[in-house]
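Step one of this worksheet: look at the structure below.
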Amino acid sequence: MPVFDTYKIETLATPTLTLEPLTVAHANELFGHLSNPAMFEFLPQDPPPSIEALRERYQRWETRRSPSGSELWLNWLIRHESVAAGLLQATCTKTKKALIAYQIVTPFQRRGIATEAIPVMLNHLHQAAAIDTVRALVDTRNARSIRLLERLGFAKKRLIRDADHFKGAASHEFEYELDLTPPPKQ
Ligand SMILES: CC(C)(COP(=O)(O)OP(=O)(O)OC[C@H]1O[C@@H](n2cnc3c(N)ncnc32)[C@H](O)[C@@H]1OP(=O)(O)O)[C@@H](O)C(=O)NCCC(=O)NCCS
């Protein structure tokens, strides 16, 4: 699909936040926050083992594409004033679907940052990458993320029992979905 060949990531803005395309240069300011295990309590991932490992990962992501080129792998740093406040991620397929993920750094949680930032990314994905349907997978214990998704209009689609096993426990997940296509005109 042409949009995949021509897509270029952009800096996005909300009234109080800037969403910067994630680059290797962001590793330094994020490493400390990502070393906090609380950021990964309900995620299968762990804190990055070293700043070098984080730099390598962000370097790979600067291509904005999966190795085969079949998916857009998009990441933004959320900046509040001059400070890093979180991360947004979208994996986009040619079938107009995206899977999103998000992490707000601990000092900025519960201030409405995710609520403000995610819709701007979703609007961009619809306009610039032709995405029509967005999914999110959330651990059933992650009450704050579930409240966030429901506030943003996502609908719960299904429960995936034993989706994963990490940090000593089984992880069951809810799959949430949001349709970005506008309703047909009457
Ligand atoms: C889940 C997570 C992304 C939520 O991000 P957040 O920025 O704290 O979310 P918000 O601030 O937008 O909303 C959370 C709370 O802030 C409150 N809030 C405060 N000011 C607000 C404002 N101006 N606008 C909206 N909500 C506001 C909301 O009422 C909400 O309360 P609730 O959690 O009791 O429902 C964050 O906790 C996080 O990064 N967790 C670790 C990683 C993670 O679990 N990611 C999700 C994986 S699925």
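At a glance:
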quantity: Theoretical FRET efficiency, 1/(1+(r/R0)^6), r = Cβ-Cβ of Leu137 and Lys185, R0 35 Å, to 0.05; calculated: 0.60
quantity: Whole-Hz couplings from phi, Karplus 6.51/-1.76/1.60, listed for the stretch 94-102; x for Gly and Pro; calculated: 6, 8, 6, 10, 9, 10, 10, 9, 7
quantity: Accessible area of the stretch 2-179 belonging to carbon and sulfur atoms, whole % at 1.4 Å probe; calculated: 51 percent
quantity: Estimated dipole of the chain in Debye, rounded to 20 [Cβ of Lys and Arg +1, of Asp and Glu -1, Cα centre]; calculated: 420 debye
quantity: Net lengthening on full extension, Asp162/Asn36 (0.36 nm per residue, minus Cα-Cα); calculated: 42.8 nm
quantity: Relative packing of 157-166, 67-76, which averages over residues the other C-beta atoms within 10 Å, highest first; calculated: 67-76, 157-166
quantity: Sequence-distant lysines (8 or more away, or on other chains) whose Cα lies within less than 22 Å of Lys96; calculated: Lys8, Lys156, Lys157, Lys185
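The values are calculated or read from the model by the stated rules, or taken from the named source; none is laboratory data. The shown structure was predicted, so the numbers you read here are calculated from the model rather than taken from an experiment. Please note: Cβ atoms are built from the backbone with ideal geometry, for glycine as well, and neighbour counts cover all protein chains shown. Calculation scope for accessible area: heavy atoms of the full protein, side chains included, ligands and nucleic acids excluded. Shrake-Rupley method; radii C 1.70, N 1.55, O 1.52, S 1.80 Å.
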